[in-house]
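Enquirer: Take a look at the following structure, please.
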Amino acid sequence: MLKTESILRPIIRNLGIEEGVRLSRLKKNWHSIFDKPISLHIFPSKISQGKLIVNVDSPLWLQQLSYYKKDILEKLKAYGIKDIYFRIGRTHHSKKTVIQSRDTKELSSDDILFIAELTGPIEDVTLKDTIQRALEKSLRTRKPGR
């Protein structure tokens, strides 16, 4: 009997979503790949041609991570990552903290990730904050099953 992976891999490659699937796996496993405190300050953002862009939550961590680039790359080899770039941006953990502090009702990690990915490219701080709050409110008041 064939493994499911051997059947799905060519389909995923033909659809052109291989990097998206790889990024999704990476995000899901991120906190098991990297220990705290590193995993709390970085989060994968995008994969393109084997190059991973990682968001870092502060300039201090950005500088520190440059010293550990080889070690980080070694841990990510299994995901097909050949190079890594760090940039200042929202991390999954820091976004969750912001969202939870605004309301007592907790959003799911998928909701938090959705908001972070959707608003990440917005440069206007006021617009970004307004959209984030609207999305948070919408997701909190969403009825189950929708």
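The values are calculated or read from the model by the stated rules, or taken from the named source; none is laboratory data. Bear in mind the structure is a predicted one, so any value in this text is a computation, not a measurement. Every residue, glycine among them, receives a Cβ derived from its backbone with ideal geometry; neighbour counts consider all protein chains shown.
Enquirer: Kindly establish whether Ser6 is of a type in the set (Ser, Thr, Tyr), within 22 Å of Phe114 (Cα to Cα), modelled with pLDDT under 90 and not assigned by TED's automatic domain parsing to the domain that holds Ala116.
Expert: So Ser6 fails the test.
Enquirer: Going by the structure shown, is Ser66 outside any loop (DSSP other than H, G, I, E, B), modelled with pLDDT under 90, surrounded by fewer than 18 Cβ atoms within 10 Å (Cβ to Cβ) and in contact with a Phe, Trp or Tyr (Cβ under 9 Å, 6 or more places away or on another chain)?
Expert: The answer is yes for Ser66.
Enquirer: Six or more apart or on different chains, Cβ atoms under 7 Å: show the pairs whose first residue is in region 30-41 and farther than 17 Å from Tyr79 by Cα and whose second is surrounded by 15 or more Cβ atoms within 10 Å (Cβ to Cβ) and modelled with pLDDT under 85.
Expert: Correct list of pairs: Leu40/His93; His41/Thr91.
Enquirer: Continuing with this model, one more query. Could you run through region 42-63 and say how many residues are in contact with a Lys or Arg (Cβ under 9 Å, 6 or more places away or on another chain) and either surrounded by 12 or more Cβ atoms within 10 Å (Cβ to Cβ) or part of a strand (DSSP E or B) (or both)?
Expert: 13
Enquirer: Would you mention how many residues in region 95-105 are of a type in the set (Val, Ile, Thr) and either loosely packed, with under 10 Cβ neighbours inside 10 Å or at pLDDT 80 or above (or both)?
Expert: Of the residues in that region, 1 qualify.
For every residue, the table says whether it meets (1) among the hydroxyl-bearing types (Ser, Thr, Tyr); (2) over 22 Å from Lys27 (Cβ atoms); (3) modelled with pLDDT under 80.
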position: Ile47; (1), (2), (3): no, no, no
position: Val54; (1), (2), (3): no, no, no
position: Ile72; (1), (2), (3): no, no, no
position: Ile84; (1), (2), (3): no, no, no
position: Ile88; (1), (2), (3): no, no, no
position: Leu107; (1), (2), (3): no, no, yes
position: Pro121; (1), (2), (3): no, no, no
position: Gly145; (1), (2), (3): no, yes, yes
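Enquirer: Among what's in region 109-128 and is of a type in the set (A, V, I, L, M) and over 12 Å from Ser45 (Cα atoms), pick the residue that is surrounded by the fewest Cβ atoms within 10 Å (Cβ to Cβ).
Expert: For region 109-128, the residue satisfying everything is Val125.
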